[in-house]
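The values are calculated or read from the model by the stated rules, or taken from the named source; none is laboratory data. Every value quoted in this text rests on a predicted model; they were computed, and no experiment measured them. Please note: Cβ atoms are built from the backbone with ideal geometry, for glycine as well, and neighbour counts cover all protein chains shown. Remember, those area values only see protein heavy atoms, side chains included, never the ligands or the DNA or RNA. Shrake-Rupley method; radii C 1.70, N 1.55, O 1.52, S 1.80 Å.
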Amino acid sequence: MLSSTPLEARLDEQARRFLASAPSSRVRPKLTEFVVFGLKQGWECIFGATLLAVLMAARLWYPDGAGLARNDFLTLAAVMIQVLMVAFRLETLKELRVIILFHLVGTVMELFKTDAGSWSYEAEGFLRIGAVPLFSGFMYAAVGSYMVRVYRLFDLRFAQYPRRWITVAVAAAVYVNFFSHHYIWDARWVLLAAVVIVFGRCVMHFRVFRKHYRMPLLIAFLLVALFIWVAENIATWSGAWLYPSQVDGWQPVGMEKLVAWFLLMIISVVLVAWVYKPQPPAETPPDGSAPAKHTIPAATSKLAE
């Protein structure tokens, strides 16, 4: 199991002590699992949620006549969030390397897509490359932060995970199609079928607290893509960027973007899986409780390097 940060280990230890000291009850363990699931999901989203909160606050309260352009403020705020995450040991250094990779991959896509007119940013500020403000890369980094943290906090295991070279080939084709469809036939539906074929048999095993659960990996892709689509609606409402259909007045992001985010999930999973090699599930007792060799991390767990 991947190491926890010190704060995560303390929280896990508190939950373990709570259950150990609680009177015997059928409801309390289930309630604890539910609460821990919600807390972990919230903790995994802390980077993205904080950045989204800053975007909304800037939309509502940032003064129009400020000496610092709003886009530059957002970039500096995103850098500060990342620095604090590392400084307070809320994110491991290994995770940071993956997040930087997400940042680079996303920024390259942003440069091309804005030039192609897929979406646009306000042309203001100095902290930008061409028409792309530098805070845009942090939005992809937020996805990367969630992906690596969910991998660790839920101790993800995969049954029948496809060969990694095959997943890399599919992810590369998906990434190329984000660019090439502007010039040649859009292959997204073929790629979607390829994703279903390649990942269709894969089942994700995860531990919330003491219990282990299973979910088809494709369902997990869809749920995360849906979550990102909702966040995208909030971000475009805040004016972080606009699609052509929103220039004359904001309207919800079209559901077709959900397919794009679903395909982007493949790239995200492959990037994380290349650093954290997917492991098969360990044998679990019939009641779904954690096997002995995957015990809950103690408060003395060390920060992963």
Tell me whether segment 28-48 contains one or more residues that are touching a strand residue (DSSP E or B) at 6+ places or on another chain (Cβ under 6 Å), under 26 Å from A231 (Cα atoms) and modelled with pLDDT under 90.
yes
Pairs please, first residue from segment 220-246 and modelled with pLDDT under 90, second anywhere and among the basic types (K, R) and open to solvent by 20 Å² or more (accessible area, probe 1.4 Å), Cβ atoms under 7 Å, 6+ apart in sequence or on different chains.
S238/R59; G239/R59
Matching option when the condition is touching a Gly at 6+ places or on another chain (Cβ under 9 Å) and aliphatic (A, V, I, L, M), among A87, A78, A57, A53
A78
From the list A116, A87, A123, exactly one residue is of a type outside the set (F, W, Y), open to solvent by 40 Å² or more (accessible area, probe 1.4 Å) and closer than 23 Å to N177 by Cβ. Which is it?
A116
Can you find even one residue in segment 196-216 that is touching an Asp or Glu at 6+ places or on another chain (Cβ under 6 Å), open to solvent by 20 Å² or more (accessible area, probe 1.4 Å), in contact (Cβ under 8 Å) with a residue 24 or more places away in the chain and not acidic (D, E)?
yes
If I filter segment 61-98 down to residues being in contact with an Asp or Glu (Cβ under 8 Å, 6 or more places away or on another chain) and hydrophobic (A, V, I, L, M, F, W, C), which single residue comes out as farthest from V143 (Cα to Cα)?
A69
List the pairs whose first member sits in segment 117-131 and is within 19 Å of S238 (Cβ to Cβ), whose second member is at pLDDT below 90 and in a strand (DSSP E or B), and whose Cβ atoms are under 6 Å apart, counting only residues at least 6 apart or on separate chains?
none
Selection count, segment 239-260, where residues are open to solvent by less than 40 Å² (accessible area, probe 1.4 Å), within 20 Å of the chain's Cα centre (by Cα) and not aliphatic (A, V, I, L, M)
1
Exactly one condition in (1) open to solvent by 50 Å² or more (accessible area, probe 1.4 Å); (2) in contact with a His (Cβ under 9 Å, 6 or more places away or on another chain) is not met by R97; state its number.
(2)
Can you find a residue in segment 67-76 that is assigned to a helix (DSSP H, G or I), within 19 Å of S268 (Cα to Cα) and in contact (Cβ under 8 Å) with a residue 40 or more places away in the chain?
no
Residues of segment 175-189 being open to solvent by 50 Å² or more (accessible area, probe 1.4 Å) and more than 19 Å from S268 (Cα to Cα), which ones?
H182, Y183, I184, W185
